[in-house]
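The values are calculated or read from the model by the stated rules, or taken from the named source; none is laboratory data. Because the structure is a prediction, the values reported are computed rather than measured. Cβ: placed from backbone, ideal geometry, glycine included. Neighbour counts: every protein chain shown. When the accessible area is computed, the model is the full protein with side chains, heavy atoms only, and any ligands, DNA or RNA have been set aside. Shrake-Rupley method; radii C 1.70, N 1.55, O 1.52, S 1.80 Å.
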Amino acid sequence: MKRRVLTILGATGTIGVNTLDVVARHPDRFEIFALTGATQVERMLEQCRTHRPRYAVMSEPAAAAALRVRAAEEGLGVEVLEGAAALTEVAIAPEVDTLMAAIVGAAGLPATLAAAQAGKRILLANKETLVVSGQLFMDAIAASGAELLPIDSEHNAIFQALPGDFSGDFEQAGVKALWLTASGGPFRTLPAEAIAAATPEQAVAHPNWVMGRKISVDSASLMNKGLEVIEARWLFNARPEQIKVVVHPQSIVHSMVEYADGSVIAQMGTPDMRTPIAYALGFPERIDAGVSALELMGRQLTFEAPDTARFPCLQLAFDALAAGGNAAAVLNAANEVAVARFLDGAVPFNAIAASIAHALGRLVGGAADTLDDLLEADRQARSVADTYLGALRA
Ligand code: NDP
Ligand code: MG
């Protein structure tokens, strides 16, 4: 058994905390090289006490300064670094063989892409990286021989349900379609007027999963599923029409692969992110994740079609995928800006879809060949969405 040396980007977030929980169950298998966060000093300090990393990075300099003082007082022996460049440094350090990429948003892209170029084993939770730079990212993986294991529960399920030697050729593997399940989020049964008036507290109260605030809002708008459709396109080399979405409110079936012979292979489990995290950490071995056994007796599993009229973000994501080029980067950036404004209480819930549609209308068709092009599309979309939402508030 190879002892793996890990950097966890976004260690202070919900995926990061779940990753450390699994890691702590297997001290013989894993060793922590670096942990990163942005603002949560107390949580990072606690993680440094428990896991004794060589490096702790806080992307916010003020948080790094506070952590540095506290870590020195306690004699933790951890070197505290700060800023975005340090995220990349600890992601690609030669000592590291495995990277958990769990920063939220496009902020995770530079370090994750650098790790892909450096040939690391990447456990990818940060779906926004693939949404923004899918082709470049997958090209970097192929060129360096890096290993990519999906953490998103749906993509992890599909990865488990595909043949072990799947090369991205649907015909050859007899794969007809990938079925992404969606819980439907907290507004699944609400009428459009009630969704439009939803508060941030209602939006982050997910029925089945405990997640960060941004992805919780994405789940409520179904943008999370939209981002996952784009993620699936790149991870599995799927054409848009080969990716289907079905609403499954119980979140027991995490996703499915439909084969030419009529077989549909699903992966099921208790909704707990430690399962896909442990799968990827241990791959190809199966390791204990601390997850309670799936209780099927007396349970009902139901499936329904998604409603893109009440949840236009899902359709916008399919549209962006069809448009190609810079569209997905624009969609993602406009969504990040709108979700942050919504969480601040500055704009209503339905402004999220409206600002994305506005940004797509203004910016689709721009250059998308290089990373700089995509980062420019991201920057422009943030600016366009900002202006649009600012006018809404006035
Ligand atoms: P959280 O908001 O809980 O955590 C985000 C992490 O990123 C924190 O460590 C945070 O630091 C850090 N961070 C935030 N902004 C920046 C920045 N600008 N630069 C560097 N670090 C930053 O999110 P989740 O853990 O829920 O999600 C992480 C990613 O995983 C997202 O891309 C999400 O879509 C994806 N994902 C999450 C799932 C879940 O169940 N939670 C499921 C599937 C995918 P700090 O907290 O210290 O400020
Ligand atoms: Mg998911």
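Inspect all residues belonging to the range 157-179 and state whether any of them is more than 29 Å from Phe283 (Cα to Cα) and touching a residue at least 40 places away in the same chain (Cβ under 8 Å). Within the range 157-179, not a single residue is more than 29 Å from Phe283 (Cα to Cα) and touching a residue at least 40 places away in the same chain (Cβ under 8 Å). In this structure, is Ala385 more than 28 Å from Leu190 (Cβ to Cβ) and surrounded by 20 or more Cβ atoms within 10 Å (Cβ to Cβ)? Considered against the rule, which asks whether it is more than 28 Å from Leu190 (Cβ to Cβ) and surrounded by 20 or more Cβ atoms within 10 Å (Cβ to Cβ), Ala385 comes out as no.
Any residue that is within 14 Å of ligand 1 (Cβ to nearest atom) and over 15 Å from the mean Cα position of the chain (by Cα) - is there at least one of those in the range 182-192? Quick ask: steps written out before the conclusion?
Kept after step one, since they are within 14 Å of ligand 1 (Cβ to nearest atom), are these residues of the range 182-192: 182-183, 185.
Then drop every residue that is not over 15 Å from the mean Cα position of the chain (by Cα), which leaves 183, 185.
Taking every residue of the range 182-192 in turn, at least one turns out to be within 14 Å of ligand 1 (Cβ to nearest atom) and over 15 Å from the mean Cα position of the chain (by Cα).
Could you check, for the range 138-147, whether at least one of its residues is within 15 Å of ligand 2 (Cβ to nearest atom) and either crowded, with 19+ Cβ neighbours inside 10 Å or outside the structural domain of Glu201 (by TED's automatic domain parsing) (or both)? Checked the range 138-147: no residue is within 15 Å of ligand 2 (Cβ to nearest atom) and either crowded, with 19+ Cβ neighbours inside 10 Å or outside the structural domain of Glu201 (by TED's automatic domain parsing) (or both).
Looking at Val246, is it of a type outside the set (Gly, Ala, Ser) and touching a helix residue (DSSP H, G or I) at 6+ places or on another chain (Cβ under 9 Å)? Judged against the criteria, Val246 is not a match. Just one of (1) without any contact (Cβ under 8 Å) to a residue 60 or more places away in the chain; (2) open to solvent by less than 30 Å² (accessible area, probe 1.4 Å) fails for Glu295. It is (2).
So that you can scan it fast, the table gives a plain yes or no per residue for (1) modelled with pLDDT under 95; (2) in the same structural domain as Leu180 (by TED's automatic domain parsing); (3) not aromatic (Phe, Trp, Tyr):
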| residue | (1), (2), (3) |
| --- | --- |
| Met211 | yes, yes, yes |
| Ser216 | no, yes, yes |
| Leu227 | no, yes, yes |
| Gln242 | no, yes, yes |
| Val246 | no, yes, yes |
| Gly269 | no, yes, yes |
| Asp319 | no, no, yes |
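Just one of the listed residues (Arg299, Arg362) is at negative phi, in a loop (DSSP other than H, G, I, E, B) and not assigned by TED's automatic domain parsing to the domain that holds Ile8, namely Arg299. The strands (runs of 3 or more DSSP E) falling completely within the range 170-271 that include 3 or more residues that are buried (at least 19 other Cβ atoms within 10 Å of the Cβ) and not basic (Lys, Arg) map to 175-182, 243-247, 253-259.
Among residues of the range 94-111 that are over 14 Å from Ile122 (Cβ atoms), those with a beta-carbon under 6 Å from a residue that is more than 16 Å from ligand 2 (Cβ to nearest atom) at least six positions away or on a different chain give the pairs Glu95/Val5; Glu95/Phe33; Gly105/Glu336; Ala106/Val132; Ala106/Asp378.
Here's the yes/no breakdown for (1) out of contact with any Leu (no Cβ under 8 Å at 6 or more places or on another chain); (2) among the basic types (Lys, Arg); (3) more than 26 Å from Pro207 (Cα to Cα):
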site: Ser144; (1), (2), (3): yes, no, yes
site: Ile151; (1), (2), (3): no, no, no
site: Phe159; (1), (2), (3): no, no, no
site: Leu178; (1), (2), (3): yes, no, no
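Considering the conditions (1) more than 17 Å from Glu228 (Cβ to Cβ); (2) within 19 Å of the chain's Cα centre (by Cα); (3) open to solvent by 50 Å² or more (accessible area, probe 1.4 Å), Leu301 is excluded by exactly one of them, (2). Taken as a whole, the structure places Ile352 among residues that are part of a helix (DSSP H, G or I) and open to solvent by less than 30 Å² (accessible area, probe 1.4 Å). I'd like to know if the range 156-163 contains one or more residues that are open to solvent by 20 Å² or more (accessible area, probe 1.4 Å), in contact with a helix residue (DSSP H, G or I) (Cβ under 9 Å, 6 or more places away or on another chain), aromatic (Phe, Trp, Tyr) and within 14 Å of ligand 1 (Cβ to nearest atom). Taking every residue of the range 156-163 in turn, at least one turns out to be open to solvent by 20 Å² or more (accessible area, probe 1.4 Å), in contact with a helix residue (DSSP H, G or I) (Cβ under 9 Å, 6 or more places away or on another chain), aromatic (Phe, Trp, Tyr) and within 14 Å of ligand 1 (Cβ to nearest atom). Considering only the range 266-273, I want to know if a residue exists there that is within 20 Å of Lys127 (Cα to Cα) and within 12 Å of ligand 2 (Cβ to nearest atom). Yes, the range 266-273 contains a residue that is within 20 Å of Lys127 (Cα to Cα) and within 12 Å of ligand 2 (Cβ to nearest atom).
The set of residues from the range 115-136 being crowded, with 24+ Cβ neighbours inside 10 Å, in a helix (DSSP H, G or I) and away from ligand 2 (no atom under 16 Å from the Cβ) comprises Ala115, Ala116, Val132, Ser133.
Look at (1) of a type in the set (S, T, N, Q); (2) over 18 Å from Lys225 (Cα atoms); (3) more than 16 Å from ligand 2 (Cβ to nearest atom) and you find that Gln160 fails only one, number (3).
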